[in-house]
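Here's the structure, in structure tokens; my notes come after.
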Amino acid sequence: MKILVTGSSGHLGEALMRVLPQDGHDVVGLDVLPSPFTTVVGSIVDRGTVRRCVAEVEAVIHAATLHKPHVGSHTRTDFVDTNIKGTLTLLEEAVGAKVGRFIYTSTTSTFGRALTPAKGEPAAWITEDVVPIPRNIYGTTKAAAENICELIAHDYGLPCLILRTSRFFPEGDDTDDVRLAYDNENLKVNELLHRRVDIADVVSAHRLALARAPEIGFGRYIISATTLLTREDLRAAGTDLPSVVKRLYPDYPEIYAARGWSMFGSIDRVYVNERARRELGWAPGYDFRRALDALANGEDPRSPLTRTIGLKGYHEVSTGVYTAR
């Protein structure tokens, strides 16, 4: 299959460009920045560039985006142009070129304010049925782009699946207090409990979405590591997470103590990936249990793909932990 991957110089784009050829696919990478994994340097907002890129393509994976860290370096108009207009341009040109399937990489940030429970309420149980309440221009434009995907899918019969990915970037947290309170690896492993996914599992979800899109037609899926937390754990997790984790993973305190690590005191949400596992046949391999076992054996809990790609930063961000490299 010939596949166009947008955002091919980014974390996920590079991962897809590395892995998809191993499945026998012919891949074309499009990004505004050059890289060893970018075939065409250009913008998704440029209709002529997009039209050339989708010619004879059988599938599009649209991973290009302005991210949350860009909120501090780009205008709202920039976000609208890239995340909304760029997505619409890709969709329209995909329809015109009779592309057979379209996979849109979205984000759990679309849920926005729905992720924060009211004071005294238990942690939020986040499934695809939760109504998004975006809190910034990033979430707003990603949610709008999702709706445009749905509109085009229904109006033109373009099979389109939306993958709402949770955190997979390796950089430090963009919140100073959190970044200073936890070692970066400690933080990432903690997040596997409720709001993180390894990039190798994100890639496997996209591979399955490519295969299943014609059969499913349209769908939205949360892509996050499988959690052992249940609805019954939400109130305790919102006030005393360490006790909940100790019950579910009795060996965690010893493994953490050996590294001088600490668990979050509480969490405000849990992402639920059940629909993706059921409808896509997705079986993520990197979760909190696997991370604990790796740590106990003196191994790196991250996937080889995560380690290979490493840190990137984000385009045109000049300060902070997301400075482009």
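The values are calculated or read from the model by the stated rules, or taken from the named source; none is laboratory data. Just so it is clear, the structure is predicted and the values come from calculations on it, not from any experiment. Cβ sites come from the backbone with ideal geometry, for glycine too, and all protein chains shown count toward neighbours.
Out of curiosity, is Val80 buried (at least 22 other Cβ atoms within 10 Å of the Cβ) and out of contact with any Gly (no Cβ under 7 Å at 6 or more places or on another chain)? First the steps, then the outcome.
Working: buried (at least 22 other Cβ atoms within 10 Å of the Cβ): no; out of contact with any Gly (no Cβ under 7 Å at 6 or more places or on another chain): yes.
The answer is no for Val80.
Among the numbered criteria (1) surrounded by fewer than 20 Cβ atoms within 10 Å (Cβ to Cβ); (2) over 23 Å from His11 (Cβ atoms), which single criterion is violated by Glu93?
Looking at each condition in turn, Glu93 falls short on (1).
Report, ordered by the first and then the second residue, all pairs with beta carbons closer than 6 Å, sequence separation of six or more or different chains, a first member in the stretch 127-146 that is more than 18 Å from Glu274 (Cα to Cα) and of a type in the set (Lys, Arg), and a second member that is at pLDDT 95 or above and outside any helix (DSSP H, G or I).
Close Cβ pairs (under 6 Å, with a partner that is at pLDDT 95 or above and outside any helix (DSSP H, G or I)) amount to Lys142/Ser106; Lys142/Thr107.
Tally up the residues in the stretch 171-187 that are part of a loop (DSSP other than H, G, I, E, B) and either touching a Leu at 6+ places or on another chain (Cβ under 7 Å) or free of Cβ contacts under 8 Å to residues at least 40 places away in the same chain (or both), please. Break it down stepwise before answering.
Quick first cut of the stretch 171-187, residues part of a loop (DSSP other than H, G, I, E, B) only: 171-175, 182-183.
Add one more test, that the residue is either touching a Leu at 6+ places or on another chain (Cβ under 7 Å) or free of Cβ contacts under 8 Å to residues at least 40 places away in the same chain (or both), and what stays is 171, 173, 175.
Number of matching residues: 3.
Does any residue of the stretch 132-155 turn out to be over 18 Å from the mean Cα position of the chain (by Cα) and assigned to a loop (DSSP other than H, G, I, E, B)?
Scanning the stretch 132-155 turns up no residue that is over 18 Å from the mean Cα position of the chain (by Cα) and assigned to a loop (DSSP other than H, G, I, E, B).
Please find, within the stretch 1-21, the residue that is surrounded by the most Cβ atoms within 10 Å (Cβ to Cβ) out of those that are touching a Gly at 6+ places or on another chain (Cβ under 6 Å) and outside any strand (DSSP E or B).
Ser8
Is it fair to say Tyr249 is in contact with a strand residue (DSSP E or B) (Cβ under 9 Å, 6 or more places away or on another chain) and hydroxyl-bearing (Ser, Thr, Tyr)?
Numbers: in contact with a strand residue (DSSP E or B) (Cβ under 9 Å, 6 or more places away or on another chain): no; hydroxyl-bearing (Ser, Thr, Tyr): yes.
When the stated conditions are applied, Tyr249 does not pass them.
Which of (1) in contact with a strand residue (DSSP E or B) (Cβ under 6 Å, 6 or more places away or on another chain); (2) of a type outside the set (Gly, Ala, Ser); (3) more than 19 Å from Phe169 (Cα to Cα) is the odd one out, the single condition Ile223 does not satisfy?
(3)
Would you confirm whether any residue within the stretch 249-270 is within 23 Å of Ile103 (Cα to Cα), within 20 Å of the chain's Cα centre (by Cα) and either among the β-branched types (Val, Ile, Thr) or crowded, with 16+ Cβ neighbours inside 10 Å (or both)? Give the steps one after another, and end with the answer.
Kept after step one, since they are within 23 Å of Ile103 (Cα to Cα), are these residues of the stretch 249-270: none.
No.
Which one is nearest to Ile84 (Cα to Cα), of the residues in the stretch 22-47 that are crowded, with 18+ Cβ neighbours inside 10 Å and touching a Cys at 6+ places or on another chain (Cβ under 7 Å)?
Only one residue fits best here, namely Leu30.
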